[in-house]
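Report on the structure given below.
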């Protein structure tokens with residue numbers, strides 16, 4: 001592969017005549033056709049390493065010794081670059097070119113081989129030169145290009161003779177059929193419908209096989225792009241192919257923002273903040289919004305806890321009780337402590353207070369019950385049931401305490417755009433009071449700091465939920481409370497109406513407060529990361 005001519009991303013708009021060998025790639029054809037895209041030079045970061053050599057790992061590669069969280073570092077301390085889909089395609093082509101300089105195969109075949117090995121160039125090379133090429137190509141579900149000339153079936157049909165399609169069972173001229181190197185041919189319409197279904201409905205890209213029964217030969221990129229006419233389907237296929245490349249490269253990760261097609265490329269994988277051109281800031285390790293100071297591990301557990309039914313179960317455990325005999329869940333709907341299980345196969349009678357059998361409590365007479373107080377708190381079985389009930393109730397209350405505060409800051413952050421709009425209006429009002437544009441920029445800075453503080457506070461409650469109590473946790477909670485109080489005061493300043501008389505006063509207060517918030521946020525984060533470094537934190541395994 002001595003030139004770039006073999007890597008052509010532009011497909012011909014003119015309709016090709018489908019001949020007998022249409023769709024069958026010649027051994028010398030090294031054209032890689034993935035759609036009409038503009039090739040651009042990638043922005044190269046200093047000290048970066050080659051894409052191919054860094055493949056083979058998960059895109060969610062683990063962080064460093066501190067769970068990937070730097071000691072209060074800002075995002076600019078972690079070098080990264082934002083790539084477009086076109087630049088990712090360019091990287092793919094370069095990776096294929098590097099491999100083909102050695103193995104000299106058609107580009108589409110090399111792409112399939114690399115996909116099979118998760119774009120790990122070294123693994124592919126090792127297998128390719130181990131002396132068993134037939135086994136390698138069989139595992140990758142492609143025909144060995146060096147044997148195509150000998151294995152291609154000879155056709156004895158005239159080009160004008162009709163053929164019978166094995167999918168739609170209709171007859172068409174022989175020129176209307178195409179197929180792969182396996183020799184199975186189908187009409188163009190069925191091919192297009194088949195590929196569209198696989199790409200759009202099933203989300204398959206790199207593993208689309210021949211539609212013939214029990215044939216596992218994969219469809220190459222050129223065939224897909226030639227047989228698909230819908231541009232949306234072509235773009236979807238292109239995205240699926242590039243997604244495979246990104247997901248297999250531990251230095252690349254898609255931006256998680258909806259409808260964003262940018263990719264973040266880093267020099268080494270870690271749990272550090274990266275910011276896309278769309279404005280989304282996220283953790284490169286786990287893909288969630290940047291969550292300093294909590295580690296990815298605990299954030300994943302928290303999100304799962306919030307999403308699943310664990311807290312519903314806690315509510316049931318805290319507000320209902322199980323029948324001590326058949327363990328059916330029972331909710332008390334009256335004042336009487338004499339409970340009768342409604343399970344037709346049980347009918348057990350027990351005390352709601354101690355969960356012991358009702359018989360030792362005396363008569364079920366209403367007059368006696370009105371004076372009844374359970375004093376059987378030392379029975380082992382009943383005590384164990386009550387203890388479990390109290391533990392569930394306490395766990396629920398603890399979860400709700402941290403969850404409510406977490407959700408409160410999250411809800412405040414959702415009003416970020418509204419807050420920026422309000423501040424913009426105030427900045428315009430202040431400029432009407434003889435203040436310059438430069439002089440009113442403190443308001444925007446204050447909103448930036450406010451949002452940073454709320455985001456940090458939101459995730460401190462996740463950190464605190466899993467944190468065991470010790471002397472360091474008390475210091476952390478004091479820092480948290482101080483930052484939270486200052487943040488609420490700053491929020492109050494920004495929501496005030498500004499008059500000309502109070503203009504200078506409010507400016508001074510806002511500047512002082514957001515600087516204080518910045519300082520306290522920095523202190524809190526530094527303390528948490530110091531705890532990571534010195535192993536000061538102990539955690540509650542939920």
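The values are calculated or read from the model by the stated rules, or taken from the named source; none is laboratory data. Just so it is clear, the model here is predicted, and its values are computed rather than measured. Reconstructed Cβ throughout: ideal geometry from the backbone, glycine too, with neighbour counts over all protein chains shown.
Within segment 306-321, how many residues turn out to be modelled with pLDDT under 80 and loosely packed, with under 11 Cβ neighbours inside 10 Å? Residues in segment 306-321 being modelled with pLDDT under 80 and loosely packed, with under 11 Cβ neighbours inside 10 Å: 3 in total.
Across segment 255-274, the number of residues qualifying as crowded, with 20+ Cβ neighbours inside 10 Å and within 24 Å of residue 115 (Cβ to Cβ) comes to 6. Is it fair to say residue 277 is crowded, with 20+ Cβ neighbours inside 10 Å, touching a strand residue (DSSP E or B) at 6+ places or on another chain (Cβ under 6 Å) and modelled with pLDDT of 90 or more? So residue 277 does not fit the description; no. Return yes or no: is residue 490 assigned by TED's automatic domain parsing to the domain that holds residue 441 and surrounded by 19 or more Cβ atoms within 10 Å (Cβ to Cβ)? For residue 490, the condition - assigned by TED's automatic domain parsing to the domain that holds residue 441 and surrounded by 19 or more Cβ atoms within 10 Å (Cβ to Cβ) - is met. When 269, 256, 293, 324 are screened for being touching a helix residue (DSSP H, G or I) at 6+ places or on another chain (Cβ under 8 Å), modelled with pLDDT of 90 or more and not in a strand (DSSP E or B), only 293 passes. Against the condition in a helix (DSSP H, G or I), surrounded by fewer than 20 Cβ atoms within 10 Å (Cβ to Cβ), at negative phi and in contact (Cβ under 8 Å) with a residue 24 or more places away in the chain, how does residue 525 come out, does it pass? No; evaluated as a whole, the condition is false for this residue. Please verify whether segment 203-211 includes one or more residues that are under 30 Å from residue 81 (Cβ atoms) and modelled with pLDDT of 90 or more. Taking every residue of segment 203-211 in turn, none turns out to be under 30 Å from residue 81 (Cβ atoms) and modelled with pLDDT of 90 or more.
Residues in segment 423-458 that are part of a helix (DSSP H, G or I) and either free of Cβ contacts under 8 Å to residues at least 40 places away in the same chain or touching a strand residue (DSSP E or B) at 6+ places or on another chain (Cβ under 7 Å) (or both): 424, 425, 427, 428, 431, 432, 441, 444, 448, 451. Looking only at segment 422-452, residues that are closer than 18 Å to residue 487 by Cα and out of contact with any helix residue (DSSP H, G or I) (no Cβ under 6 Å at 6 or more places or on another chain) come to 5 in all.
If the condition is being part of a helix (DSSP H, G or I) and closer than 15 Å to residue 243 by Cα, then segment 106-133 contributes 111, 112, 114, 115, 116.
Given the condition in contact (Cβ under 8 Å) with a residue 12 or more places away in the chain, more than 27 Å from the chain's Cα centre (by Cα) and either surrounded by 15 or more Cβ atoms within 10 Å (Cβ to Cβ) or in a helix (DSSP H, G or I) (or both), answer yes or no: does some residue in segment 459-472 qualify? Show your work before the answer.
First pass over segment 459-472, keeping only residues in contact (Cβ under 8 Å) with a residue 12 or more places away in the chain: 459-468, 470, 472.
After this cut, where a residue has to be more than 27 Å from the chain's Cα centre (by Cα) as well, the list is 468, 470, 472.
Subset that is either surrounded by 15 or more Cβ atoms within 10 Å (Cβ to Cβ) or in a helix (DSSP H, G or I) (or both): 472.
Looking for residues that are in contact (Cβ under 8 Å) with a residue 12 or more places away in the chain, more than 27 Å from the chain's Cα centre (by Cα) and either surrounded by 15 or more Cβ atoms within 10 Å (Cβ to Cβ) or in a helix (DSSP H, G or I) (or both), one finds at least one in segment 459-472, hence yes.
Residue 404 meets each of the listed conditions (1) at pLDDT below 95; (2) over 30 Å from the mean Cα position of the chain (by Cα) apart from (2).
With the structure loaded, tell me whether residue 478 is at pLDDT below 95 and exposed (fewer than 13 other Cβ atoms within 10 Å of the Cβ) or whether it fails that test. It is false that residue 478 is at pLDDT below 95 and exposed (fewer than 13 other Cβ atoms within 10 Å of the Cβ).
Looking across segment 197-221, the residues that are crowded, with 19+ Cβ neighbours inside 10 Å and part of a helix (DSSP H, G or I) come down to 198, 199, 221.
If you take the residues of segment 92-148 that are on the phi > 0 side of the Ramachandran plot and surrounded by fewer than 20 Cβ atoms within 10 Å (Cβ to Cβ), which of them is modelled with the lowest pLDDT? Reasoning before the result, please.
Just the residues of segment 92-148 that are on the phi > 0 side of the Ramachandran plot, to begin with: 104, 118-119, 131, 141.
In the following step, the residues that additionally are surrounded by fewer than 20 Cβ atoms within 10 Å (Cβ to Cβ) were identified as 104, 118, 131, 141.
On the way: 104: 88, 118: 89, 131: 78, 141: 92.
For segment 92-148, the residue satisfying everything is 131.
Against the list (1) in a loop (DSSP other than H, G, I, E, B); (2) within 31 Å of the chain's Cα centre (by Cα), the condition residue 142 fails is (2).
Residue 224 meets the conditions (1) modelled with pLDDT of 90 or more; (2) surrounded by 16 or more Cβ atoms within 10 Å (Cβ to Cβ); (3) part of a loop (DSSP other than H, G, I, E, B) in every case but one. The failed one is (3).
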